[in-house]
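J.: Below you'll find the structure I mean.
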Amino acid sequence: MIVDILYPVKGLPKPGELVSIQEGISQSTGGALCNVAGDLAVIDPDLRITALGRVGNDPEADLVLDPMRRRKNIDLSMIKREGKTAFTAVMADVISKERTFYTYCGANGRFCEDDIDWDRIDAAILHIGYILLLDALDGEDPVYGTKMARLLCHAKERGIKTSIDVVSEAGDRFKRLVPPSLKYTDYCVINEVEAEQVTGIVLRDQAGKLISANLPRALEKMRSLGVAEWAVIHSPEGGFGLDRSGAYFESETINLPPSYIKGKVGAGDAFCAGVLYSASCGEGLEEALELGNAAAAASLSQPGSTEGMLPAGELRKLRSRFRG
């Protein structure tokens with residue numbers, strides 16, 4: 001649960017270089033909980049959503065919570081308030097539309113399984129993000145490997161399907177912290193950079209082109225690490241997935257005109273929300289990838305993380321509009 005502070009810049013600097021911040025600095029909410037819950041609440045206003053997490057005792061916490069308070073189908077009663085709210089400084093390149101992130105973990109870092117009252121949870125799917133950004137849950141566990149893996153195992157023992165997301169991070173923590181959780185994961189929806197780090201299978205060549213032939217191999221590796229239902233990789237080129245039967249599906253990204261794209265913050269979470277909504281409706285993976293791409297496209301229409309989201313029916317119309 002994060003406050004995103006967006007700084008427009010003309011080009012991203014190399015080390016030692018200076019780039020001026022442009023006019024238009026803005027604040028919005030971000031993070032897996034705010035983004036995915038906020039998107040799901042719009043995709044289906046009748047869907048019941050329960051938020052679990054921590055924010056601070058500061059004005060930034062209200063900035064995080066207020067947009068979700070306006071969504072009547074999001075239950076915030078289990079949110080804990082303590083310390084300082086997490087924030088991320090987002091350097092958004094107005095030329096390439098790419099962005100980099102500098103984050104302060106804050107209250108998020110103390111969120112743990114003790115914060116969850118399992119007796120009050122009535123849910124079909126538990127989605128948690130992000131591995132590598134929740135310090136207490138990234139801690140070691142002598143039985144499960146990580147405390148995150150322990151939490152996911154306990155959810156599955158209660159008949160709840162589990163879903164995880166991770167952050168794109170430099171370093172070697174992926175191989176140590178992500179695989180333990182995959183053993184107790186039903187839906188894993190990550191981008192191609194994260195999938196490469198998790199599986200060790202190269203997914204882009206030196207020119208930056210996606211190596212399509214390696215995608216099924218990476219997805220199979222994710223399944224072999226424990227993902228039970230859907231292993232999914234999303235990228236600017238599209239969504240790719242393997243279901244529990246081993247069937248492989250692809251969905252090309254929607255071909256959007258450059259003028260349509262206002263920002264890329266939150267597009268990955270929007271894709272994830274579309275996929276999870278399809279899962280909650282009992283749809284197949286092929287339909288889920290299509291809806292995920294439509295949700296990501298809707299997200300791209302606005303600079304913030306969730307402002308561009310549309311109801312499920314409108315998302316499907318959006319997909320048809322830019323296909324035709």
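J.: Quick query: amide H of Phe87 versus all other amide H atoms, modeled in the peptide plane; which residues come in under 5 Å with a sequence gap of 5 or more or a different chain?
T.: So Phe87 has HN proximity to Val3, Tyr104.
J.: Here is a further query. Does the stretch 137-251 come out rounded, prolate or oblate by the C-alpha gyration tensor, with a ≥ b ≥ c the root eigenvalues, rounded set by a/c under 1.5 and, if not, prolate when a/b is larger than b/c and oblate if not?
T.: Details: a/c = 2.43, a/b = 1.44, b/c = 1.68.
The shape class here is oblate.
J.: Separate question: I need the peptides 180-192, 19-31 ranked by packing, meaning the mean over residues of other C-beta atoms within 10 angstrom, with the highest value on top. Show your work: numbers first, answer last.
T.: Details: 180-192: 24.1, 19-31: 15.4.
So the peptides 180-192, 19-31, ranked by packing, come out 180-192, 19-31.
J.: Can you compute the equivalent ellipsoid semi-axes for the stretch 1-153, i.e. the square root of 5 times each eigenvalue of the Cα gyration tensor, sorted largest first and rounded to whole Å?
T.: Values: eigenvalues 176, 79, 39 Å².
So the three semi-axes of the stretch 1-153 are 30, 20, 14 Å.
J.: What translational diffusion coefficient, in µm²/s and rounded to a whole number, does the Stokes-Einstein relation yield for the stretch 56-115 at 20 °C and a viscosity of 1.002 mPa s, taking the hydrodynamic radius as the Kirkwood radius over Cα pairs? Could you put the intermediate results ahead of the total?
T.: Working: Rh = 13.5 Å.
D, rounded to a whole number, is 159 µm²/s.
J.: Further, regarding this structure: How much mean residue ellipticity at 222 nm does the chain get from its helices, if each DSSP H run of length 4 or more adds -39500 (n - 2.57) and you divide by all residues, to the nearest 500 deg cm²/dmol? Show your work: numbers first, answer last.
T.: Values: 9 runs with 103 residues, N = 324.
My calculation for the chain gives -9500 deg cm²/dmol from helical runs alone.
J.: In square nanometres, what is the average projected area of the Cα convex hull of the stretch 188-228?
T.: Numbers: hull surface 10.8 nm².
With every direction weighted equally, the projected area is 2.7 nm².
J.: Rank Leu300, Leu63, Leu289 by mean-square fluctuation in a GNM of the chain with C-alpha springs under 10 angstrom and give only the top-ranked residue.
T.: Highest fluctuation among the options: Leu63.
J.: Okay, next question. Once amide H atoms are built 1.01 Å from N in the peptide plane, which residues 5 or more positions from Leu126, or in another chain, come under 5 Å H to H?
T.: So Leu126 has HN proximity to Lys161, Thr162, Ser163.
J.: Using a Förster distance of 41 angstrom, determine the FRET efficiency expected from the C-beta separation of Arg48 and Ile25, and round it to 0.05.
T.: 0.70
J.: Would you kindly work out the equivalent ellipsoid of the stretch 235-324 from its C-alpha gyration tensor and give its semi-axes, the square roots of five times the eigenvalues, largest first in whole Å? Don't jump to the answer; show the numbers that get you there.
T.: Numbers: eigenvalues 90, 34, 29 Å².
Working through the eigenvalues yields semi-axes of 21, 13, 12 Å.
J.: Same structure, new question: Over the chain, what portion of Cα pair distances is larger than 29 Å, expressed as a whole percent? Working shown, then result.
T.: Numbers: 17491 of 52326 pairs.
Cα-Cα pairs of the chain separated by over 29 Å account for 33 percent.
J.: Of all DSSP beta bridges located in the stretch 136-289, what percent are antiparallel, nearest 5? Please report the intermediate quantities before stating the final value.
T.: Details: 13 of 20 bridges.
Antiparallel bridges make up about 65 percent of those DSSP assigns within the stretch 136-289.
J.: I would also like to ask the following. Taking θ as phi - 60°, what are the ³J(HN,Hα) couplings along the stretch 15-31 by the Karplus curve (6.51, -1.76, 1.60), each to the nearest whole Hz, with x for Gly and Pro?
T.: Those phi angles translate into x, x, 8, 10, 10, 7, 7, 8, 5, x, 4, 9, 10, 8, 7, x, x Hz.
J.: If amide hydrogens are placed 1.01 Å from N in the peptide plane, which non-local residues have theirs closer than 5 Å to the one on Met78?
T.: Ala51
J.: Also, quick follow-up: Which whole-Hz couplings ³J(HN,Hα) result when phi for each residue of the stretch 76-92 is put into the Karplus expression 6.51 cos²θ - 1.76 cosθ + 1.60, θ = phi - 60°, listed in order with x for Gly and Pro?
T.: Once θ is set to phi - 60°, the couplings for the stretch 76-92 become 9, 5, 9, 6, 9, 10, 6, x, 10, 5, 5, 9, 10, 8, 9, 8, 9 Hz.
J.: Which residue, Ala124, Ala170, Ala294, has the most motion in a Gaussian network model of the chain that connects Cα atoms within less than 10 Å?
T.: Sorting by GNM fluctuation, first place goes to Ala170.
J.: Additional query: Report for the chain the percent antiparallel among DSSP-assigned beta bridges with both residues inside it, nearest 5.
T.: Working: 25 of 50 bridges.
Roughly 50 percent of the beta bridges in the chain run antiparallel, per DSSP.
J.: Using alpha carbons only, how many angstrom separate the centre of the stretch 208-234 from the centre of the stretch 2-40?
T.: Each part's Cα centre sits 29 Å from the other's.
J.: Ordered by residue, what ³J(HN,Hα) values in Hz, to whole numbers, does the stretch 102-108 give under the Karplus form 6.51 cos²θ - 1.76 cosθ + 1.60, where θ = phi - 60° and Gly and Pro are x?
T.: Each residue's phi maps through the Karplus curve to give 10, 10, 10, 5, x, 4, 3 Hz.
We did not get these values from a lab; they are worked out from the coordinates using the rules stated. Since we're looking at a predicted model, the values are computed, not measured. In this analysis, Cβ positions are derived from the backbone assuming ideal geometry, glycine residues included, and neighbour counts consider all displayed protein chains.
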